[in-house]
Amino acid sequence: IQPHNRAVISWLEDLPSDASVLLVFDYQAGYASELTLVAQPVIASMIEKNVELTILSSSPSGGLLSGRLLRKTPGAIDRVVMDLGYFPVGAYGAFNLAHQAQEGPMLANLPEAVKTLPTGEPDGILILADGAAGARAWLEQFSILLPTTPMHLLLTAQAGPMSLPYWESGQLAGMIAGLSEAAGVEAVLSQNPVIPGPVSYTHLRAHETVLDL
């Protein structure tokens with residue numbers, strides 16, 4: 001168990017009953033198998049405490065991927081109180097910068113966000129990402145909007161090393177990257193591991209295919 005893994009476990013243990021958590025899905029379908037196994041123990045622990053979940057996606061397939069993951073975690077889909085849908089963080093970030101610099105009258109038919117975050121700060125934010133760039137975009141923006149809300153990353157193994165400096169600098173409350181770290185966390189949280197041992201990517205993808213069929 002790494003220190004940044006232990007921080008996630010401590011946060012889960014201290015999470016109050018009926019807390020609210022925002023789940024951000026920022027990964028592509030090719031990484032769904034890995035991130036499902038990384039996220040399941042964490043989400044299952046929150047469900048045991050009746051945590052209310054709000055979900056948000058920054059990938060076009062995020063709605064499908066979030067539903068797929070939550071359906072595999074018993075009780076999770078019933079705890080979703082709001083789905084904010086798809087939010088193209090890169091495009092909106094660029095648009096907001098251009099909008100702030102714009103002079104003169106507003107142009108017609110400019111894009112605008114249809115949904116906004118619920119009022120009040122959540123008790124935590126979990127960002128599920130397959131790359132450091134996507135995780136960094138959300139982390140940096142949320143740290144400005146919600147500076148006192150603890151933020152945690154659930155990542156693929158390849159995104160872990162580039163995201164670790166955010167933990168070391170204190171901008172990130174905790175993180176879990178890849179199957180090996182997830183297995184250690186799951187072993188602490190549960191006596192019935194979701195990940196029974198070392199698993200190859202070939203085995204993972206075959207297993208997912210059988211489940212989908």
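The values are calculated or read from the model by the stated rules, or taken from the named source; none is laboratory data. Every value quoted in this text rests on a predicted model; they were computed, and no experiment measured them. Positions of Cβ are generated from backbone atoms using ideal geometry, with glycine treated the same way; all protein chains shown enter the neighbour counts. Accessible surface areas use protein heavy atoms only, side chains included; no ligands, DNA or RNA. Shrake-Rupley method; radii C 1.70, N 1.55, O 1.52, S 1.80 Å.
Residues checked against (1) in a helix (DSSP H, G or I); (2) at pLDDT 90 or above; (3) not acidic (D, E):
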position: L153; (1), (2), (3): no, yes, yes
position: Q158; (1), (2), (3): yes, yes, yes
position: S163; (1), (2), (3): yes, yes, yes
position: N192; (1), (2), (3): no, no, yes
position: P198; (1), (2), (3): no, no, yes
position: R205; (1), (2), (3): yes, no, yes
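Please find, within region 1-51, the residue that is farthest from A187 (Cα to Cα) out of those that are acidic (D, E) and touching a helix residue (DSSP H, G or I) at 6+ places or on another chain (Cβ under 9 Å).
D26
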The condition from (1) in a helix (DSSP H, G or I); (2) surrounded by 21 or more Cβ atoms within 10 Å (Cβ to Cβ) that L23 misses is numbered (1)
Testing L146 on (1) over 18 Å from A32 (Cβ atoms); (2) out of contact with any Asp or Glu (no Cβ under 6 Å at 6 or more places or on another chain); (3) open to solvent by less than 60 Å² (accessible area, probe 1.4 Å), one condition comes back false. Which one is that? (2)
Scope region 69-88; condition open to solvent by 30 Å² or more (accessible area, probe 1.4 Å) and under 12 Å from L22 (Cα atoms); matching residues: R79, V80, V81, M82, D83
Collect the residues in region 28-58 that are open to solvent by 10 Å² or more (accessible area, probe 1.4 Å) and touching a His at 6+ places or on another chain (Cβ under 9 Å), keeping them in residue-number order. S33
G134, sole failed condition from (1) modelled with pLDDT of 85 or more; (2) surrounded by 18 or more Cβ atoms within 10 Å (Cβ to Cβ): (1)
